1. In the stretch 13-47, which residue that is part of a loop (DSSP other than H, G, I, E, B) and in contact with a helix residue (DSSP H, G or I) (Cβ under 9 Å, 6 or more places away or on another chain) is surrounded by the fewest Cβ atoms within 10 Å (Cβ to Cβ)?
2. Please work out if Ala74 is surrounded by 10 or more Cβ atoms within 10 Å (Cβ to Cβ), free of Cβ contacts under 8 Å to residues at least 24 places away in the same chain and not in a loop (DSSP other than H, G, I, E, B).
3. Can you tell me which residues in the stretch 61-71 are surrounded by fewer than 10 Cβ atoms within 10 Å (Cβ to Cβ) and either at pLDDT below 85 or among the acidic types (Asp, Glu) (or both)?
4. Return only the number of the condition from (1) at pLDDT 95 or above; (2) more than 29 Å from the chain's Cα centre (by Cα) that Pro35 does not satisfy.
5. Looking at (1) loosely packed, with under 10 Cβ neighbours inside 10 Å; (2) in contact (Cβ under 8 Å) with a residue 12 or more places away in the chain, which one does Gly58 not meet, given that it meets all the others?
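The values are calculated or read from the model by the stated rules, or taken from the named source; none is laboratory data. None of the values given here were measured: they were computed from a predicted structure. Note that each Cβ is placed from the backbone with ideal geometry, even for glycine, and that neighbours are counted across all protein chains shown.
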Amino acid sequence: MQSAITSKGQATIPKAVRDHLKLKPGDKIRFFYHPDGSVAILPVLPVTALRGLVKPRGRPVTLEEMDNAIAAGALEGNDRPAPR
């Protein structure tokens with residue numbers, strides 16, 4: 001596939017590439033330069049696109065467990081000398 005550059009420096013992204021990247025009008029793209037001189041074009045994804053990317057391990061931690069971990073960490077920190 002190829003595309004021509006206009007006098008304004010614009011190019012049309014071929015439909016097959018837009019479809020592959022799931023690009024819609026108004027979406028933003030980012031360009032990455034590689035050491036070998038090639039350039040990659042990737043869509044700028046919203047934070048919500050990350051939902052479900054990392055699978056949870058084990059059961060969720062309770063608030064009580066978090067509080068206990070914070071308290072234990074605070075007690076461990078008391079062994080260090082105060083900063084000057």
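1. Lys24
2. Considered against the rule, which asks whether it is surrounded by 10 or more Cβ atoms within 10 Å (Cβ to Cβ), free of Cβ contacts under 8 Å to residues at least 24 places away in the same chain and not in a loop (DSSP other than H, G, I, E, B), Ala74 comes out as no.
3. Answer for the stretch 61-71, where residues must be surrounded by fewer than 10 Cβ atoms within 10 Å (Cβ to Cβ) and either at pLDDT below 85 or among the acidic types (Asp, Glu) (or both): just Glu64.
4. So Pro35 meets the others, but not (2).
5. Of everything listed in (1) loosely packed, with under 10 Cβ neighbours inside 10 Å; (2) in contact (Cβ under 8 Å) with a residue 12 or more places away in the chain, Gly58 misses just condition (2).
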